Each structure stands twice: as structure tokens, then as C-alpha cells.
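Okay, structure first, notes after.
Just so it is clear, none of the values below were taken in a lab; they were calculated from the coordinates. Remember, it's a predicted structure, so these values are computed and weren't measured experimentally. Backbone-built Cβ (ideal geometry, glycine too); neighbour counts: all protein chains shown.
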Amino acid sequence: MAGRINDDDVKAVRDAVPIDAVVSEYLQLRSAGGGNLKGLCPFHDEKSPSFQVSPSKGLFHCFGCQEGGDTIAFVMKLDHLSFSETVERLAARAGITLRYEEGGYNPTSQRGERSRLVEAHKIAAQFYADQLAGPEAEIGRAFLAERGFDQAAAEHFGVGYSPGGWDHLTRFLRGRGFSDKELVLSGLSQDGRNGPIDRFRGRLMWPIRDISGDVVGFGARKLRDDDNGPKYLNTPETAIYKKSQVLYGVDLAKRDIAKASRAVVVEGYTDVMACHLAGVTTAIATCGTAFGGDHIKILRRLLMDNGTAKVIFTFDGDAAGQKAALRAFEDDQKFAAETYIAIAPDGMDPCDLRLAKGDDAVQGLVEPRTHLFEFAIRQIVSRYDLETPAGRAAALDEAAPIVARIKNVASQHEVAVQLAGMVGILDTQFVVKRVGQLARWARERGGRGPAAPSERHGRAAYEPGAPSRPSGPALNLRSPAHRTERELLKLALQRPELVSPAFDAYGEDEFTGPPYAAVRRAIEEAGGAERGVHSASEYLSRVREAAPNDSVRAMVTELAVEVLHGKTIDEVYAGQQLVQVRLRAVDRRIREVTSTLARAGAHGDPEHLAAVQNELWVLQQYGESLRNHGAAAL
């Protein structure tokens, strides 16, 4: 792979693409006052707008679901792209040529090679789609029509046809400037006796796109009896196509999967088409390989690791389908989502079901009915002779660990009771205890298990290395101290010129809310508020980068976007916030010192007592000066 994108180029992309222009492509925005814009959040359902965009700062924040970040973060989260994929997309939009570290950018580098291969596939997809209308492709059109797909369906999914000659596509791509080496590397051509020839000939073609929508490969279906190749022929592994890392239809399904928190995994290209046309727009399929760990990573990104999400597998009712279902169950614990299986009573796949019984039947098929773990348990139990004690014991031995893996404790108990009935063991409590013991052992082997609520919501959540995006300690915004600390940090992020240089002399301990102390630390590590006077956007970017984890980063974004509460935001207002935060810190220290004197009593070390009394006098004088003279005393 090419190296990381040059930091200056990332900054150039952030500066070149206005966040309001990008966000406006996804939702309606209207004025929120103070130069901000607002709209309905695209990350959660809401009736009144709590999603705000600050064009001047290049940031967004939702006060409902707490999602926030810059332009890059918005596109990453909404289109489910990686950081580099997002920067590359925005750079192309802005006409910026990116440089990559580890040798820098040049057009013949691997990154340039990837762009060439993607471009070749884009042109090939259009070439195949155009061929579908020709006389030779009549057999392909008939194949689609027999399965209930008309011309509009073919166009929606980009289905095409590869001509039966040796090198139609190869010659076409040569004419578009691609070299023979590029054609072979792309997998679109293969070496022949006299040079490259087309890999796909006389077949119906499905373009396979990655999550960003780029065509990276093809699935080709045999149409003629004299074709001696396999029924389905896929693109070989290339620099841009790894079959274990792509899901057919994910580019069309990703937003509905994220919105509905539900994905339907089917077995083939025509099943994906049938589901989408029947209104099940969350359907995706693997491409010539079993569903595995890399596919799970893609779905977890789309489902946001939501424990209430659902993943529904549809498999044929035959032995191979049952085997595939059990294989999928092996990866069940990698999901936060609940997993289900859907098998039509007559064993039909979604494509056949749509033909035979219509769209409603397809929609009914994928309504979750049977948990994947329940299916796995029934398959295991069915292999044993339950008429004998030995058979019942053996079935329990194999099935109990499956029940112990169920994530929901209440469901685990209920299924343990069901297992006792399935196996035929009258002592239900024996089975429940057995499952509970296995679950405890599994947790002990896996580590400490979930953190206690006090740990998840304490100060540690805002320390470096803490887990991403915990909810954090509850801040009491009725507390005058917390309100003022929050307002001062907002000023330091939004209007640093009003609080500099005084703010940079404030210590972390002057902020009593742990999240606020963490933000203060991030500002300091970014070079202080005074840095923001000279370059506001770069300053905010540095503060967000200095945040130790996503919790602090989200707080920085929230404070940078939230409206300031003063009627007039000027030096007087800023001075009032500076004084209030400092004065409360002084008063806290006075109480601590007074307590120290009381504990020492009259018998303490005279020299130490004198030093403490002197500190108390200085603090009292400073506090009085702050009350009398305000910001001038800072």
C-alpha cells in the first residue's frame, strides 16, 4: 500500500471543501443564528433539528446523539468510508493532488495504479452495460426476464453482457489509453498466446462495487451450454478486489442498513436484486466466498455496533444451506447485533420466491423469526438419539456451550429452559445451571468482562487510552461552576482572541468537570488558545487531534459549535467568565488551606504554619481583588 496522506494535503482538503456545502448534499439546512446552520440529524431519527453546522469552524455537532466532527468525519460516518478513502474523495472533488509519505506521490506509484484500475473497471462496466442492448445479448436479456428483471432493473444494478469474441473489451480499453500490463493487473484481461484476451466472454455481467461505489470487480454468469467454465466466474484477486472484503450491493444498501439498523445477507446477485426490487433494500451478498470476518467488519461499520441491530441470513433449505448457516454462527460473537436465519418453508431463495409468490412473500421471508443460535442448537440436537440417556447427555454436552454464548442473559436463561425440553431432560434447573457455569467460565477466560457503571461513567473515560465514546460523567449544568467552565471553554475554542493570553495561564485543576479538564488539557497540548488568534481552523483541528480519545474529541466539537449564551459576546463578557472560573478556584483553595490549618492546630511546625498562613492571606487578598476589580486583577 502507499503511505499515509501528507498532513498538509489533509489540511488543504479540509480548507478547500466547505462543510456546509457537503452537508447540504445530504440534508436541508437553515439558519440557527450566530452564523451556524441547523437541520435534522442524518445519524438518528428526530422531529426537531438538533444537528448544527458551523461553516466558520468547519465543524458539525448533533446535540441529540452527540455525533460530531469536521467535514472528513461527516463523510466518513455517513458514507461509511475509511479516513483515506474520504480524503481521496474530497480531494478529487476539490481538484487537489494528494501526496503520500514513504517516497511521496508519483503517478506510477501504487496509489496511482489503484486509480487506473478503478477507472478501467468503470469504463468496462459501462461497456458491458451498453452491450446488453445488442443482438448477441438476447440470451442474457432472456435470462433476466425469466427471473423477473426488466430493463430498468438491469440498469439500476448496472447488469451488462460480455461479448463472445476473444478481445472486444481488451481492444476497447487499449483505445482508451490503458496498457496491456494494466489490463492484466486489473483482472479484466488475461494472457493469451498473442497477447491479452478478455477474461469474460459471452456471459451476463454484474459489476461489484466497494462501499464507496467504485467498481472493483465483476461476477459473470454462464449462459450457454458450450461454455466449459464454471457457472459463476468472478474477478481474480487484484490490487483493488479481495473477494473476502467486498459485499455485493453494499453501495446501494449501506444507508438503509445504517438507518434501519438491519442487514439481510443473501446468497447471490439475483437474490440481492429480487430483495431490493421487493422493497428489502438492506440486502447484500458475498461474492463467491463464505461469509466471514472481513464481511463482519464491513457490517459492523454500517450497523455502528448497535446491540439492537439485526443481521438476517437467508440460506437455501438444503444441506449446503444448513452448513452455511452453521458456519455463519461460528462468527456470531463478532457481532454486537442480534443474528437471525430465514429459510422459506419450501426452500426457495428470494429470487425464486419473488417469481412464485410476489414481493410481499420476500418481505415476509426476511422478517426475523428464528435466532441463528436457535437454528444451530436444533441442528446439533437433531444429530443425536434422544431416546437413550447417552444420546441426551451427548446432545447437552455439545449444545450447552452454544447457549452459553448467547449475549443477552435473559434470552440465555430462556433458551436453556428450551434446551432442556428439546433434549428431554426433566431437571430444567440442572441445564440452566450448566449453561450458567459455562457462561461464567467463558467470561473469565475472556477477561474482566464489562466495566461497572461507575468505571464507565467516571473520570477515567476522559483519560488517554480510555474506550471510545463512553457517555462520560454526568455534568450538572444547573451548577454555576459547570456552566461557567463550559462557557469559558466555548470562548477559548470559538473566540480565543477574547480570552488570550489570560486563559493559557489557567490550570487543569481550575475546571471541576472531568470532561472540561480534559478539554483544557487538549487546548494546552495544541499550543494554547493564543494559537487560535492567528488561525482559527488550524487551531481547532490541532485541539481535536490533541484529544486523547473520541469522548474528549466529541466534547471539543460540541463546545466549538454550541452557541455562546451572552447577549453581547465581547471582552467584557469574556472577562466575566475568566474571573468567575478563577474566583471559584481561589475560593476552593482557601477552603483547603483553612482545613489544613485547622488540622495542624497550635502544635504544628511553626515554620510550616507560617507558610500556610501566608498562603491563606495571599489567596484572600487575590480573591478580594478579583471581586473588586474583575478581569483587571487577573
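Between ASP227 and ASP359, what FRET efficiency follows from the Cβ-Cβ distance if R0 is 30 Å, with the result rounded to 0.05?
Efficiency for this residue pair is about 0.40.
What does the extension gain come out to for GLU497 and GLN613, with contour length at 0.36 nm per residue minus their alpha carbon separation? Each step should come with its number before you reach the end.
Numbers: separation 116, 0.36 × 116 = 41.76 nm, distance 3.73 nm.
Extending this stretch completely gives an extra 38.0 nm.
Please rank LEU372, LEU185, fewest neighbouring Cβ atoms within 10 Å first, as an exposure proxy. Don't skip to the answer; put the middle values down first.
Values: LEU372 22, LEU185 18.
Neighbour counts put them in this order, fewest first: LEU185, LEU372.
Which of the residue pairs LYS242/LYS297; LYS11/LYS122; LYS254/LYS297; LYS77/LYS297; LYS77/LYS259; LYS38/LYS259 have a Cα-Cα distance greater than 18 Å in the structure shown? Mind dumping the intermediate values first?
Working: LYS242/LYS297 14 Å; LYS11/LYS122 29 Å; LYS254/LYS297 13 Å; LYS77/LYS297 15 Å; LYS77/LYS259 12 Å; LYS38/LYS259 20 Å.
The answer is LYS11/LYS122; LYS38/LYS259.
Nearest 0.05, what FRET efficiency do ASN6 and TYR26 give at R0 = 22 Å with Cβ-Cβ as r?
Values: r = 28 Å, r/R0 = 1.26.
For ASN6 and TYR26, the calculated efficiency is 0.20.
What list of ³J(HN,Hα) values in whole Hz, one per residue of the stretch 38-43 in order, does the Karplus curve 6.51 cos²θ - 1.76 cosθ + 1.60 (θ = phi - 60°) give from phi, with Gly and Pro shown as x?
9, x, 6, 5, x, 9
When the chain is fully extended, how far beyond the present Cα-Cα distance does LYS433 get from GLU237, taking 0.36 nm per residue of separation?
Working: separation 196, 0.36 × 196 = 70.56 nm, distance 4.85 nm.
Contour length minus the Cα-Cα distance gives 65.7 nm.
Label VAL563 and TRP166 with points 7 Å out from Cα along Cα→Cβ: what is the distance between them in nm?
About 7.3 nm, to one decimal.
Between ALA442 and SER625, what FRET efficiency comes out of the Förster formula 1/(1 + (r/R0)^6) with R0 = 56 Å and r the beta carbon distance, rounded to 0.05? Each step should come with its number before you reach the end.
On the way: r = 63 Å, r/R0 = 1.12.
After rounding to 0.05, the efficiency reads 0.35.
Based solely on its DSSP helices, what 222 nm [θ] is calculated for the chain when runs of n ≥ 4 H residues each add -39,500 (n - 2.57) and the sum is averaged over all residues, nearest 500 deg cm²/dmol? List each step's numbers first, then the result.
Numbers: 27 runs with 319 residues, N = 634.
Calculated from helices alone, the mean residue ellipticity at 222 nm is -15500 deg cm²/dmol.
What angle do you read, to the nearest 10 degrees and between 0 and 90, between the alpha-carbon axis of helix 536-546 and the longest principal axis of the chain?
Compared with the principal axis, the helix lies near 80 degrees.
Order these peptides, 281-292, 79-90, by their mean beta-carbon neighbour count within 10 angstrom, highest first. Don't skip to the end; give the middle numbers.
Working: 281-292: 20.9, 79-90: 18.8.
My ranking of the peptides, most packed first, is 281-292, 79-90.
SER537 versus SER382, label points 7 Å from Cα toward the beta carbon: distance in nm?
If labels sit at SER537 and SER382, their model points lie 6.1 nm apart.
Compute the angle between helix 250-260 and the longest alpha-carbon principal axis of the chain, please, reported from 0 to 90 degrees and rounded to the nearest 10.
50
Return MET348, MET273 ranked ascending by Cβ neighbour count within 10 Å, so the fewest neighbours appear first.
Values: MET348 19, MET273 29.
Result, fewest neighbours first: MET348, MET273.
Using label points projected 7 Å from each Cα along Cα→Cβ, tell me how many nm separate ALA142 and ILE590, to one decimal.
9.6
Which of the aspartates and glutamates could a cross-linker bridge to LYS181, judged by Cα under 20 Å and excluding same-chain residues fewer than eight apart?
LYS181 reaches GLU113, GLU119, ASP167, ASP191, ASP198, GLU237.
Whole Å is fine, so just give me how far the alpha carbon centre of the stretch 366-407 lies from that of the stretch 21-62.
So the separation of the two Cα centres works out to 50 Å.
Please give the peptides 139-150, 536-547, 623-634 ranked by average Cβ packing (other Cβ atoms within 10 Å per residue), highest first, as a rough proxy for protection.
Values: 139-150: 16.2, 536-547: 19.9, 623-634: 14.2.
The packing order, highest mean first, is 536-547, 139-150, 623-634.
Explain nothing, just the number: dipole magnitude of the chain about its Cα centre with +1 on each Lys and Arg Cβ and -1 on each Asp and Glu Cβ, in debye rounded to the nearest 20. Don't jump to the answer; show the numbers that get you there.
Values: 79 positive and 85 negative charges, 100 e Å.
The dipole of the chain has a size of about 480 debye.
Strictly greater than 50 Å: what percent of every Cα pair in the chain meets that? All intermediate terms of the calculation are to be shown ahead of the outcome.
Working: 59356 of 200661 pairs.
For the chain, the fraction of Cα-Cα distances above 50 Å is 30 percent.
If you plug each phi of the stretch 13-18 into the Karplus form 6.51 cos²θ - 1.76 cosθ + 1.60 with θ = phi - 60°, what whole-Hz ³J(HN,Hα) values come out, in order, with x for Gly and Pro?
3J(HN,Hα) across the stretch 13-18, in whole Hz: 5, 4, 6, 7, 10, x.
All other residues with a Cβ under 11 Å from the Cβ of LEU223 taken together, and with Lys, Arg as +1 and Asp, Glu as -1, what is their net charge?
Details: positive: ARG141, ARG201, ARG203, ARG221, LYS222, ARG224, LYS231; negative: GLU136, GLU138, ASP225, ASP226, ASP227.
So the environment of LEU223 carries a net charge of +2.
What do you get for the angle between helix 480-494 and the principal long axis of the chain? Use alpha-carbon atoms, 0 to 90 degrees, nearest ten.
70
Could you give the length gained on full extension between ASP15 and ASP504, defined as 0.36 nm per residue of separation minus the Cα-Cα distance, in nm?
Values: separation 489, 0.36 × 489 = 176.04 nm, distance 2.63 nm.
Extending this stretch completely gives an extra 173.4 nm.
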